């Protein structure tokens, strides 16, 4: 038999007790394992009860710990949309100081919702028909709500609120290009051209051939070119002339048969010539003339577009006048008065060209024609019944005129009366029955 010393036994017990205590103390604490399915089911219950804050929290936990579950992402996205809707819905009644915060939070929820819907489709379940349909239907539900409401607000002229709706729709579904186009148009109405341009560019990254976005892009470029040309004139800024014409060149290159676009480029060159240094003016006048001629050639003088053709020819005359090209100006002036003989401005230009060409008699006649047409029309019968001298002889040889115009000469006080025979392409001016000038047109 072995006998143990009492002290040895007590020491052994102490050692064992200490070891046991040490083992208990150093055992690591284990975190409670998250049950994703329980969190998800709780989230659904809260969502059905419209307690969206708690639903959001539960879905967030489920997604964080089980990111491979497609339905978790999809349901999380719905809760995010509801939270976004809650914050945005408070904007109308909120204090001014609170609005930026509410807007930022609301848009943040919608942006994350869009990402979560995309994430759902990236999972294994997202490849299956059931989840695809769920995502499509619910994404469409929120997208349609905001997009259609945006259209209504746009029609009502509430462009700021419409823009917010289109922006939310775009966040929910970044791949639906309709939101980009409609929001861009809304931003144009809000005079945010840079914002509209950036939005269109972003949409075209997703759909480079989208006709609507390409059309808006062209419209923005055209408006920008037009505004640059106008401000170049008012600001006397040659750099803006160059920039405007460069944009017009790009537009014309894309649509070379658009007469209105070519006409606009001609106007930009014509007005820009008065802004650039003198040595650069001649080239711009020539550019303007070439564009007006090209535009006129694209639109016949007859029919409903006659006025457009006539305006092209008028601007050609004006460009030659401003450039001081008398010889070509006379040719262009005759072409213009042939097609628009009743326009006093055409005869005024002709008077100027004739003066510069030392044809004083012709210049006086053209000037009287211009002033008469700008004066008052009188009944033909009143003029012919009181006709004397040369006027009476003209009546006998030419018959009754088609129109009679009159004005009072400022320097002499004389009453000038101009008789016009349209079919004969002829007009004669009289002072107290004496012929004082005569003009013809169309090579008559």
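Each reported figure results from applying straightforward, stated rules to the coordinates on display, with no laboratory input. Remember, predicted model here, so these are calculated numbers, not experimental data. Because the Cβ atoms are built from the backbone with ideal geometry, glycine has one as well, and the counts that use them run over all protein chains shown.
Which distance in nm do the two modelled labels at residue 408 and residue 434 give, with both placed 7 Å along the Cα-to-Cβ direction? Once both label points are built, they end up 2.0 nm from each other. In this structure, residue 214 and residue 322 have a Cβ-Cβ separation that, at R0 = 35 Å, corresponds to a calculated FRET efficiency of about 0.45.
Only one item in (1) -0.55, -0.80, -0.95; (2) -0.57, -0.86, -1.04; (3) -0.27, -0.64, -0.99 matches log10 I(q)/I(0) by the Debye sum over Cα atoms at q = 0.06, 0.09, 0.11 Å⁻¹ derived from the coordinates shown, and that item is (1). Which part of region 249-271 falls in the paramagnetic zone of residue 286, meaning amide N under 19 Å from the point 7 Å along Cα-to-beta-carbon? Within reach of a label on residue 286: 249, 265-271.
Relative protection proxy for 114-124, 89-99, 311-321, from highest mean packing down: 311-321, 114-124, 89-99 (other beta-carbon atoms within 10 angstrom). For the peptides 241-248, 186-193, the ranking by mean Cβ contacts within 10 Å, running from highest to lowest, is 241-248, 186-193. For region 34-206, the relative contact order works out to 15 percent when only alpha carbon pairs closer than 8 Å and six or more residues apart are counted.
The angle separating the long axis of helix 159-172 from the principal Cα axis of greatest extent in the chain is about 40 degrees. Taking 0.36 nm per residue of separation and subtracting the current Cα-Cα distance, fully stretching the chain between residue 255 and residue 386 would add 41.3 nm. When the chain is treated as a GNM with alpha-carbon contacts under 10 Å, the residue of 147, 46, 336 showing the greatest mean-square fluctuation is 46.
With angles folded into 0 to 90 degrees, how steeply does helix 70-89 sit against the dominant principal axis of the chain? Use alpha carbons for both and round to 10. Roughly 60 degrees between the two axes.
How far apart, in nm, are the 7 Å Cα→Cβ label points at residue 237 and residue 66? Going from the residue 237 label point to the residue 66 one covers 6.1 nm.
Enter the angle in degrees (range 0 to 90, nearest 10) between the Cα long axis of helix 306-323 and the first principal axis of the Cα atoms of the chain, meaning the one along which they spread out most. Result, in degrees: 80. If one puts a single equal scatterer on every Cα of region 34-206 and applies the Debye formula without solvent, what log₁₀ I(q)/I(0) results at q = 0.15 Å⁻¹? Summing over Cα pairs of region 34-206 leads to -0.86. Computed from the C-beta positions of residue 127 and residue 34, the FRET efficiency with R₀ = 30 Å rounds to 0.70.
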